[in-house]
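FYI, it's all coordinate maths here, none of it is from the lab. In this text, all values refer to a predicted model and were calculated from it rather than measured experimentally. FYI the Cβ positions are ideal-geometry reconstructions off the backbone, even for glycines, and counts take in every protein chain you see.
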Amino acid sequence: MINVGTYNELEVVKELEFGIYLREGDVEILMPTKWVPRGTKIGDFLNVFIFRDSDDRLIATTVKPFATADTFAFLEVKQVNNIGAFLDWGMDKDLLVPFREQPMRMDPGKSYVVFVYVDEETNRLVASGKLNRYLERENIEVREGDIVELLIYSETDLGYNAIINNRYSGLIYKNEIYEAIRVGDKVQGFVKCVREDNKIDLSLQKSGYELVDDVKWRILKMMKEENGFLSLSDNSSPEEIKAKLQISKKAFKKAVGALYRERLVKLTDKGVQLI
């Protein structure tokens with residue numbers, strides 16, 4: 001079965017002047033010459049992306065788009081016309097976001113997080129900015145402490161909303177962010193907790209002993225870069241510590257305390273000295 005909007009492993013069955021044909025069952029799909037890998041011959045199997053061209057024909061390509069069917073992506077609007085907005089997704093033909101799928105009108109030159117899917121009526125790839133429709137709210141399969149892949153998709157008064165593993169939504173609280181992030185960023189994060197109502201709290205840092213170990217090595221690395229002395233102490237403000245190490249003051253104190261007990265550093269009024 002051919003899966004439009006994603007990758008398929010297909011056999012080369014014909015070679016012509018304008019390209020090759022690949023087959024899946026009784027269906028043959030054209031790959032134009034410009035995309036045919038050098039040395040390709042009949043009988044080879046190619047991993048190709050399948051989409052529909054302007055004439056509604058199935059086309060195979062070796063070009064890798066920025067997004068495939070059933071995935072979220074951060075894409076730039078190239079133009080807007082009376083049908084909708086057209087996104088740059090790395091292909092010759094731009095990706096349509098119909099006006100009905102735009103929670104607010106999209107503007108050329110701006111980028112938006114969208115969900116890419118195959119339209120049931122046209123069997124063409126399109127995109128939607130109405131993300132909540134495609135995020136799972138039940139059957140949450142992540143747990144506290146899990147390492148997850150995040151796509152930041154909106155900012156609120158509380159923090160940043162992120163898509164988790166291309167399936168769920170979670171929140172990173174602003175007062176727990178110690179590095180610059182913005183909408184569209186892809187980052188690794190950690191599940192802080194899954195609440196009873198299935199809402200998910202996230203963190204960009206490890207927790208517990210793992211966080212202490214991570215911060216310890218970060219402090220030691222910086223001290224070695226600064227001739228064995230780090231000009232931060234208990235008297236330093238949370239803002240100073242955040243600016244220098246991208247961590248909270250609480251995490252800093254725990255890590256320095258661990259280094260002191262391990263007799264790797266000594267503490268002074270002006271900072272931390274490497275032994």
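Nothing charged except the Cβ atoms of Lys and Arg (+1) and of Asp and Glu (-1): what's the magnitude of the dipole of the chain about its Cα centre? Round to the nearest 20 debye.
1380 debye
Quick one: putting +1 on the C-beta of Lys and Arg, -1 on the C-beta of Asp and Glu, what dipole do you get for region 83-131 around its Cα centre, in Debye to the nearest 20?
Using only the charged Cβ atoms, the result is roughly 180 debye.
Toward the positive end of the charge dipole of the chain, about the Cα centre and with charges on Cβ (Lys, Arg +1; Asp, Glu -1), which of Ile247, Tyr153, Leu30 goes farthest?
Working it through, the farthest residue towards the positive pole turns out to be Ile247.
Between beta-carbons, use under 14 Å as the cut-off and find the net charge around Met1, counting Lys and Arg +1, Asp and Glu -1.
Summing Lys and Arg as +1 and Asp and Glu as -1 gives -2.
In whole Hz, with x marking every Gly and Pro, tabulate ³J(HN,Hα) for region 136-147 from phi via Karplus 6.51 cos²θ - 1.76 cosθ + 1.60, θ = phi - 60°.
7, 10, 10, 6, 5, 10, 9, 10, 3, x, 5, 7
Can you pick out the pairs among Lys224/Lys270; Lys174/Lys266; Lys64/Lys186 whose Cα atoms lie more than 26 Å from each other?
Check vs 26 Å cut-off fails for Lys174/Lys266.
What does the net charge come to around Asn47 if you take all other residues with beta carbon closer than 15 Å to its beta carbon, with K and R at +1 and D and E at -1?
With Lys, Arg at +1 and Asp, Glu at -1, the net is -2.
Given a Förster distance of 45 Å, report the FRET efficiency between Phe45 and Glu136 from their Cβ-Cβ distance, rounded to the nearest 0.05.
0.85
Pulled fully out, how much extra length does the chain show between Leu264 and Asp55, if you take 0.36 nm times their separation in residues and subtract their Cα-Cα distance?
Gain on stretching Leu264 to Asp55: 68.3 nm.
Using the Karplus curve 6.51 cos²θ - 1.76 cosθ + 1.60 with θ = phi - 60°, work out ³J(HN,Hα) for each residue of region 23-31 in order, rounded to whole Hz, and write x for Gly and Pro.
Working through the residues one at a time gives 10, 9, x, 8, 9, 10, 10, 7, 10 Hz.
For Asn165, what charge total do you get from the other residues with a beta carbon under 14 Å from its beta carbon, if Lys and Arg give +1 and Asp and Glu give -1?
The answer is -2.
Just to confirm my numbers, what's the Cα centroid distance between region 1-61 and region 146-167 in Å?
36 Å
Could the peptides 39-48, 22-31 be put in order, highest first, of the mean number of other beta-carbon atoms found within 10 Å of their residues?
22-31, 39-48
Which ³J(HN,Hα) values, rounded to whole Hz and listed in residue order, are derived for region 33-47 from phi using the Karplus coefficients 6.51, -1.76 and 1.60 in 6.51 cos²θ - 1.76 cosθ + 1.60 with θ = phi - 60°, glycine and proline given as x?
Along region 33-47, the couplings run 3, 4, 10, 6, x, 4, x, 5, 9, 4, x, 5, 10, 10, 8 Hz.
Roughly how big is region 156-275's charge dipole about its Cα centre, with Cβ charges of +1 (Lys, Arg) and -1 (Asp, Glu), in debye to the nearest 20?
For this selection, approximately 260 debye.
How would you rank 223-235, 244-256, highest first, on the average number of other Cβ atoms within 10 Å across their residues?
244-256, 223-235
Of the options Tyr178, Gly109, Phe86, report the single residue whose Cα projects farthest towards the positive end of the charge dipole of the chain (beta-carbon charges: Lys, Arg +1; Asp, Glu -1).
Tyr178
For the chain, just say rounded, prolate or oblate: build the C-alpha gyration tensor, square-root its eigenvalues into a ≥ b ≥ c, call rounded for a/c under 1.5, and beyond that prolate if a/b exceeds b/c, oblate if not.
Prolate.
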